């Protein structure tokens with residue numbers, strides 16, 4: 001099982017990664033962080049209005065049914081705080097709080113992160129990263 005970042009689900013939804021999406025499906029169930037649900041839903045709300053928004057939300061719900069959603073637990077929140085502190089100590093930029101929570105979820109659940117944004121995750125200790133672009 002892998003923890004898929006938003007970039008993976010966006011590509012799967014847009015149909016630009018059919019071969020990679022089939023490989024994911026062939027491997028069985030995968031997971032996403034609950035904050036990825038937030039990011040995807042926000043994207044739909046920003047992009048669409050009216051009936052098209054309702055259709056897009058239905059499409060998103062079908063996409064989300066393909067993965068398990070891992071909640072932000074106390075352990076994940078604690079790991080996120082540790083990651084932010086480490087990045088600051090190392091003088092690393094905090095690209096996106098979403099990425100921190102995805103990394104914290106991966107670390108806590110001991111799952112590799114599958115992402116197109118490898119550089120956002122490689123710098124975080126204790127997180128195995130799989131490059132979506134070469135998957």
Does the range 113-130 hold any residues that are in a loop (DSSP other than H, G, I, E, B) and either under 12 Å from residue 4 (Cβ atoms) or within 12 Å of the chain's Cα centre (by Cα) (or both), and which are they? 116, 117
Given (1) in contact (Cβ under 8 Å) with a residue 24 or more places away in the chain; (2) closer than 18 Å to residue 113 by Cβ; (3) part of a helix (DSSP H, G or I), index of the condition residue 59 fails: (2)
Looking at the range 98-111 only, could you name the residues that are in a loop (DSSP other than H, G, I, E, B) and either farther than 18 Å from residue 12 by Cβ or touching a helix residue (DSSP H, G or I) at 6+ places or on another chain (Cβ under 7 Å) (or both)? 110
Scan the range 102-112 residue by residue and report those that are buried (at least 22 other Cβ atoms within 10 Å of the Cβ) and in contact with a strand residue (DSSP E or B) (Cβ under 6 Å, 6 or more places away or on another chain). 102, 105, 106
Report the residue count in the range 1-27 for those that are part of a loop (DSSP other than H, G, I, E, B) and either surrounded by 14 or more Cβ atoms within 10 Å (Cβ to Cβ) or modelled with pLDDT of 95 or more (or both). 4
Evaluate the following for residue 87: is it out of contact with any strand residue (DSSP E or B) (no Cβ under 7 Å at 6 or more places or on another chain) and over 27 Å from residue 26 (Cα atoms)? yes
So, of the residues in the range 113-129 that are in contact (Cβ under 8 Å) with a residue 12 or more places away in the chain, out of contact with any strand residue (DSSP E or B) (no Cβ under 8 Å at 6 or more places or on another chain) and surrounded by fewer than 18 Cβ atoms within 10 Å (Cβ to Cβ), which turns out to be nearest to residue 69 (Cα to Cα)? 126
Exception for residue 119 within (1) under 28 Å from residue 26 (Cβ atoms); (2) modelled with pLDDT of 95 or more falls at (2)
Unmet requirement for residue 38, which otherwise passes all of (1) surrounded by 17 or more Cβ atoms within 10 Å (Cβ to Cβ); (2) part of a helix (DSSP H, G or I); (3) under 13 Å from the mean Cα position of the chain (by Cα): (1)
Any residue at all in the range 70-87 that's outside any helix (DSSP H, G or I), in contact with a helix residue (DSSP H, G or I) (Cβ under 7 Å, 6 or more places away or on another chain) and surrounded by fewer than 14 Cβ atoms within 10 Å (Cβ to Cβ)? yes
Given the structure, is residue 95 over 23 Å from residue 15 (Cβ atoms), in contact with a helix residue (DSSP H, G or I) (Cβ under 9 Å, 6 or more places away or on another chain) and surrounded by 14 or more Cβ atoms within 10 Å (Cβ to Cβ)? yes
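The values are calculated or read from the model by the stated rules, or taken from the named source; none is laboratory data. A quick note: this is a predicted structure, and the numbers were derived from the prediction, not measured. Heads up, the Cβs are rebuilt from the backbone with ideal geometry, glycines too, and the neighbour counts pull from every protein chain shown.
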